[in-house]
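Q: If you scroll down you'll find the structure; I have some questions about it.
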Amino acid sequence: MDFPVIPNLHAMAMLLMTGVALFLFSREKIPMESSSLAVLVMVVVGFEIFPFETVNGSIEPMAFFYGFGHEALIAVCALMIAGEALARTGALEPVARRLAKLWKWSPTLALLLTLISGAVLSAFMNNTPIVVLMLPMLIGAAARNNSTTSGVLMPMGFATLIGGMGTTIGTSTNLLVVSVAADMGMVRFEMFDFFIPVAIAAAAAILYLWLLAPRLVPERKSPMADTSNRVFLAHLLFTVDNPLVGKSMADVFHKSGDGMQVESVVRDDKLLISPLPDLKIVAGDKILVSATANTLREYEALLGARLLVGSDYTDSERQGDLQLAEVVVTGGSRLRGLRVVDARLKARYGLDLLAVHHAGDVTTVSTPGLNQRQLQASDVLLVQGRAEDIRPLKVGGELLVLDSTMDLPHSSKAPIALLTMLAIVALTAFGIMPIAMSALLGCLVLIGSGCLKWRHATHALSTQVILIIVASLALGSALMKTGGADYIAQVFLFLTQELTPTWVLSLLMLLMAVVTNVVSNNAAAVIGTPIAISIAQELGLPLEPFVLAVLFGANLSFVTPMAYKTNLLVMNAGGYKFNDFVKVGTPLTLLMWVVLTMVLMFAYDL
């Protein structure tokens with residue numbers, strides 16, 4: 001096979017544009033929204049100034065805007081809104097509560113079930129709400145067991161990415177690949193058509209994440225202050241029905257495990273009494289103790305006393321009620337993209353900002369220019385405020401509270417949100433209606449039933465995701481129509497002409513895995529799909545395995561923290577370093593690559 005002849009100038013221009021786009025998408029300092037918009041504008045304006053004639057007539061530049069109405073984008077946006085409803089209503093709360101209980105009994109088994117649960121849930125909904133739900137539970141479990149979160153947070157995040165590969169609606173990447181392939185004439189994949197290959201690879205991957213991955217990551221502490229070990233002053237109230245009333249302080253010390261640090265005893269809200277061992281407890285006594293947040297709650301349970309927080313205190317006592325908490329800016333938060341000074345944390349939430357952590361970089365209140373810093377999704381903020389101010393954040397959904405002492409959100413609308421999501425999946429799985437239609441119907445039900453307000457629905461939408469999808473669709477369409485995709489396929493086949501079809505497919509998947517860890521996975525998927533179809537057509541082989549190679553490869557976002565937004569969220573929450581992702585993610589990527597290649601080889605007899 002000779003080296004392919006250089007195609008027309010428009011195709012070469014689109015190949016050059018693809019290189020520029022991939023470069024821009026990989027630049028962390030350039031907002032993805034700006035890069036996407038620039039690529040879209042350059043493609044449209046380029047074809048307007050330099051028209052391109054095909055056998056079917058000239059390409060209409062306005063056609064590249066059709067991505068805004070593409071069914072894949074509609075489905076992605078609708079599913080983001082549905083996922084937001086699940087998160088805000090606490091529909092998945094029972095899963096987190098049961099897993100949290102299991103962590104107390106058997107951390108090893110609990111980790112395995114956490115990985116499986118995360119993977120299964122992610123097959124049917126965006127993984128971001130799942131990671132947002134799991135993070136506080138896992139951090140709390142680690143605090144109670146006096147262990148680090150290093151060995152659990154990253155495997156959990158990766159498990160959700162793996163689970164998302166299993167169905168057509170698991171990730172936006174899957175939706176795009178399936179839709180683009182169908183646009184090019186391939187028979188559309190149904191929801192579970194590639195579930196079995198993914199399930200086989202996922203089984204091997206979860207065993208790796210369960211048994212080996214925790215041992216590969218060095219112990220990492222959260223980059224912010226460790227709230228689980230922070231010592232607070234708090235009062236324990238002994239009511240009239242408490243069995244310790246009438247007993248001595250010595251009995252209280254013994255009941256608490258003889259480790260309690262008592263500062264004083266407050267009686268009648270005025271009298272301060274030294275905590276002598278023979279002091280008798282009187283109904284209404286409040287013991288001022290010094291302990292960590294978790295230990296305070298243990299004292300509350302052991303002594304049958306009531307821990308006074310928030311409105312339980314008088315104004316003078318509230319001075320000791322200030323708590324520290326780590327909170328994460330979520331993708332749907334109105335704070336995302338705002339400067340610190342414009343976020344007005346004190347006015348909005350009653351919180352004082354102490355520090356900001358972003359991808360390994362910590363900025364404190366003493367750092368010049370903190371107020372001008374722009375908040376990004378997955379930024380971790382160290383804040384201080386009263387318990388009564390911190391607790392509503394968990395329900396609000398604007399910020400993710402990384403604090404094991406906070407209650408999980410739950411509302412009476414949770415069953416409606418969960419049933420609606422199940423209906424969305426069922427309508428698509430049984431072929432009653434396309435996912436774009438069923439997801440939009442679900443959004444109407446969620447908003448109409450009060451599970452979600454319109455402002456929350458709009459916050460759930462990501463400008464970055466919308467623009468990267470539209471720009472990628474425009475670029476992929478231009479590559480296909482000008483012959484650029486065929487040229488890349490011919491070059492790829494020239495370089496692999498001595499290899500068997502299995503190796504060609506395998507290397508295509510590996511190439512997509514490399515690209516997705518450097519640039520956007522959506523861009524890799526949309527650009528790679530027409531190339532995969534061209535390769536299959538050149539070889540005279542079925543299209544499906546080569547399209548699946550692109551779909552699988554574009555989902556192997558494990559090697560770098562910027563490969564997927566939940567990687568950054570996990571990185572910030574767990575205090576991981578860039579190399580930790582390389583160390584754990586590289587073997588996982590290679591394992592998935594080998595297993596998926598073998599499964600496709602046997603399934604399609606390559």
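Q: What is the residue count in region 403-437 for residues that are modelled with pLDDT of 75 or more and either in a helix (DSSP H, G or I) or in contact with a strand residue (DSSP E or B) (Cβ under 7 Å, 6 or more places away or on another chain) (or both)?
A: 19
Q: Another question about this same structure. Restricting to region 524-542, name every residue that is without any contact (Cβ under 8 Å) to a residue 24 or more places away in the chain and touching a Pro at 6+ places or on another chain (Cβ under 7 Å).
A: Within region 524-542, just 536 meets the criteria.
Q: Moving on to the next point. Of all residues in region 23-54, which are outside any helix (DSSP H, G or I) and not β-branched (Val, Ile, Thr)?
A: Selection gives 26, 27, 28, 29, 31, 50, 51, 52, 53.
Q: Confirm whether residue 39 is in contact (Cβ under 8 Å) with a residue 24 or more places away in the chain, in contact with a Phe, Trp or Tyr (Cβ under 7 Å, 6 or more places away or on another chain) and outside the structural domain of residue 138 (by TED's automatic domain parsing).
A: So residue 39 fails the test.
Q: Where residues in region 418-453 are hydroxyl-bearing (Ser, Thr, Tyr) and out of contact with any Leu (no Cβ under 7 Å at 6 or more places or on another chain), which of them is nearest to residue 69 (Cα to Cα)?
A: Ranking the candidates gives 428 first.
Q: Report yes if some residue within region 143-157 is surrounded by 24 or more Cβ atoms within 10 Å (Cβ to Cβ), under 13 Å from the mean Cα position of the chain (by Cα) and of a type in the set (Ser, Thr, Tyr); otherwise report no.
A: Among the residues of region 143-157, not one is surrounded by 24 or more Cβ atoms within 10 Å (Cβ to Cβ), under 13 Å from the mean Cα position of the chain (by Cα) and of a type in the set (Ser, Thr, Tyr), which makes the answer no.
Q: Restricting attention to helices (runs of 4 or more DSSP H) lying wholly within region 449-518, give those where 1 or more residues are within 23 Å of residue 183 (Cα to Cα) and of a type in the set (Lys, Arg).
A: The qualifying helices (runs of 4 or more DSSP H) are 463-482.
Q: How many residues are closer than 14 Å to residue 434 by Cβ and crowded, with 24+ Cβ neighbours inside 10 Å if we restrict to region 175-189?
A: The total comes to 3.
Q: Taking region 281-307 on its own, how many of its residues are at pLDDT below 70, polar (S, T, N, Q) and outside any strand (DSSP E or B)?
A: The number of residues fulfilling the criteria is 1.
Residues checked against (1) closer than 20 Å to residue 32 by Cβ; (2) in contact with a Leu (Cβ under 9 Å, 6 or more places away or on another chain); (3) buried (at least 23 other Cβ atoms within 10 Å of the Cβ):
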{"position": "455", "(1), (2), (3)": "no, no, no"}
{"position": "461", "(1), (2), (3)": "yes, no, no"}
{"position": "487", "(1), (2), (3)": "no, yes, no"}
{"position": "497", "(1), (2), (3)": "no, no, no"}
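Q: Another question, then. Would you check which residues across region 54-103 are farther than 26 Å from residue 333 by Cα, touching a residue at least 24 places away in the same chain (Cβ under 8 Å) and out of contact with any Leu (no Cβ under 9 Å at 6 or more places or on another chain) and list them?
A: 54, 59, 63
Q: Please enumerate the residues belonging to region 463-485 that are surrounded by 24 or more Cβ atoms within 10 Å (Cβ to Cβ) and in contact with a strand residue (DSSP E or B) (Cβ under 7 Å, 6 or more places away or on another chain).
A: none
Q: Condition test on residue 450, is it in the same structural domain as residue 193 (by TED's automatic domain parsing), small (Gly, Ala, Ser) and surrounded by fewer than 19 Cβ atoms within 10 Å (Cβ to Cβ)?
A: So residue 450 passes the test.
Q: Name the single residue, out of those in region 256-280 being out of contact with any Phe, Trp or Tyr (no Cβ under 9 Å at 6 or more places or on another chain) and at pLDDT 80 or above, that is farthest from residue 305 (Cα to Cα).
A: Restricting to residues being out of contact with any Phe, Trp or Tyr (no Cβ under 9 Å at 6 or more places or on another chain) and at pLDDT 80 or above, the top hit is 278.
Q: So if I check each of 556, 551, 590, which one is free of Cβ contacts under 8 Å to residues at least 60 places away in the same chain, under 24 Å from residue 204 (Cβ atoms) and surrounded by 24 or more Cβ atoms within 10 Å (Cβ to Cβ)?
A: 556
Q: Kindly state which helices (runs of 4 or more DSSP H) lie completely within region 158-226 and contain at least 1 residues that are over 30 Å from residue 66 (Cβ atoms) and within 22 Å of the chain's Cα centre (by Cα).
A: Fully inside region 158-226 and qualifying: 195-211, 213-216.
Residue-wise test of (1) in contact with a Leu (Cβ under 9 Å, 6 or more places away or on another chain); (2) free of Cβ contacts under 8 Å to residues at least 12 places away in the same chain; (3) of a type in the set (Phe, Trp, Tyr); (4) in the same structural domain as residue 81 (by TED's automatic domain parsing).
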{"residue": "152", "(1), (2), (3), (4)": "yes, no, no, yes"}
{"residue": "163", "(1), (2), (3), (4)": "yes, no, no, yes"}
{"residue": "168", "(1), (2), (3), (4)": "yes, no, no, yes"}
{"residue": "172", "(1), (2), (3), (4)": "yes, no, no, yes"}
{"residue": "177", "(1), (2), (3), (4)": "yes, no, no, yes"}
{"residue": "181", "(1), (2), (3), (4)": "yes, no, no, yes"}
{"residue": "186", "(1), (2), (3), (4)": "yes, no, no, yes"}
{"residue": "189", "(1), (2), (3), (4)": "yes, no, yes, yes"}
{"residue": "199", "(1), (2), (3), (4)": "no, no, no, yes"}
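Q: Hey, can you tell me all the residues within region 63-72 that are aliphatic (A, V, I, L, M) and at pLDDT 90 or above?
A: Scanning region 63-72 gives no hits.
Q: Let me ask another. Right, residue 476: modelled with pLDDT of 90 or more and outside the structural domain of residue 329 (by TED's automatic domain parsing) or not?
A: Answer is no for this residue.
Q: Right, something else. Give me the pairs, please: first residue somewhere in region 339-352 and closer than 14 Å to residue 393 by Cβ and in the same structural domain as residue 369 (by TED's automatic domain parsing), second residue anywhere and of a type in the set (Gly, Ala, Ser) and not in a loop (DSSP other than H, G, I, E, B), beta-carbon distance under 6 Å, and either six or more positions apart or on two chains.
A: 350/385; 351/385
Q: Search region 519-560 for residues being assigned to a loop (DSSP other than H, G, I, E, B) and not β-branched (Val, Ile, Thr), and hand back the single one that is modelled with the lowest pLDDT.
A: Out of the qualifying residues, it is 520.
The values are calculated or read from the model by the stated rules, or taken from the named source; none is laboratory data. Keep in mind the model is a prediction, meaning the values are calculated, not measured. Backbone-built Cβ (ideal geometry, glycine too); neighbour counts: all protein chains shown.
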